[in-house]
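Scroll down for the structure; my scribbles are underneath it.
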Amino acid sequence: MAEDDELYQLAGQVGAALRERGLTLAAAESCTGGWVCQAVTDIPGSSAWFDRGFVTYTNAAKQELLGVPHAVLAGHGAVSEQTVRAMAAGALRNSGADCALAVSGIAGPGGATADKPVGTVWFAWQPRGGVCLARREQFDGDRRAVRRQATATALRGILALYGATP
């Protein structure tokens, strides 16, 4: 299956799961640069279940648009569990969505550290009023491959949040 076909299929499954439950989604993206939003809005009728997206590539954008505390970014970095949890909470706070996903990572080829190599990506998924789930993944490949895998993982996480299977 082609890359775009898989993302289109996943986004369609997310849409069906959310529409069935009468829910809407917001996305807060960093390393994926809006790829989640693109995949979602490729689906006809997505306006019924997709509220909005935030592409917050810089730390300043994360603070200004999502309210990620400076102390979280300074203490843990943009690629951390604490940051994606704050991003997801900020996406919910600044939208009318029922659930949010957040993604921040190191797509490469630069930006890596000893404890955060290229391919390190953190995710968070949070239903409004519910428990935020967060997970770290380590992806292989070049910049495009890391970003694509991160996009697919973010979508699969929404399916898992609501007990739907990809």
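The values are calculated or read from the model by the stated rules, or taken from the named source; none is laboratory data. Source: prediction; values computed, not measured. Note that each Cβ is placed from the backbone with ideal geometry, even for glycine, and that neighbours are counted across all protein chains shown.
Data table
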{"item": "Of all residues making up segment 95-115, the number that are touching a residue at least 60 places away in the same chain (Cβ under 8 Å) and not small (Gly, Ala, Ser)", "result": "5"}
{"item": "Answer from Gly130, Gly141 - the residue that is modelled with pLDDT of 95 or more and closer than 21 Å to Ala89 by Cα", "result": "Gly130"}
{"item": "Positions within segment 79-89 being among the small types (Gly, Ala, Ser) and buried (at least 24 other Cβ atoms within 10 Å of the Cβ), in sequence order", "result": "Ala86, Ala88"}
{"item": "Trp35 among the aromatic types (Phe, Trp, Tyr), closer than 14 Å to Val103 by Cβ and in contact with a helix residue (DSSP H, G or I) (Cβ under 6 Å, 6 or more places away or on another chain)", "result": "yes"}
{"item": "Residue list for segment 139-157, restricted to those being in contact (Cβ under 8 Å) with a residue 24 or more places away in the chain, of a type in the set (A, V, I, L, M) and out of contact with any strand residue (DSSP E or B) (no Cβ under 6 Å at 6 or more places or on another chain)", "result": "Val146, Ala152, Leu155"}
{"item": "Residue match in segment 105-123 (condition: within 29 Å of Arg21 (Cα to Cα), touching a helix residue (DSSP H, G or I) at 6+ places or on another chain (Cβ under 7 Å) and small (Gly, Ala, Ser))", "result": "no"}
{"item": "Members of segment 4-48 found to be β-branched (Val, Ile, Thr) and within 23 Å of Val121 (Cα to Cα), listed by number", "result": "Val14, Thr32, Val36, Val40, Thr41"}
{"item": "Residue within segment 118-129 that is within 25 Å of Val14 (Cα to Cα) and without any contact (Cβ under 8 Å) to a residue 24 or more places away in the chain present", "result": "yes"}
{"item": "Close pairs (7 angstrom Cβ cut-off, 6 or more residues apart or separate chains): at negative phi and among the polar types (S, T, N, Q) in segment 18-44, part of a loop (DSSP other than H, G, I, E, B) and surrounded by 15 or more Cβ atoms within 10 Å (Cβ to Cβ) anywhere", "result": "Thr24/Trp49; Thr24/Ala97; Thr24/Asp98; Ser30/Thr56; Ser30/Tyr57; Ser30/Ala78"}
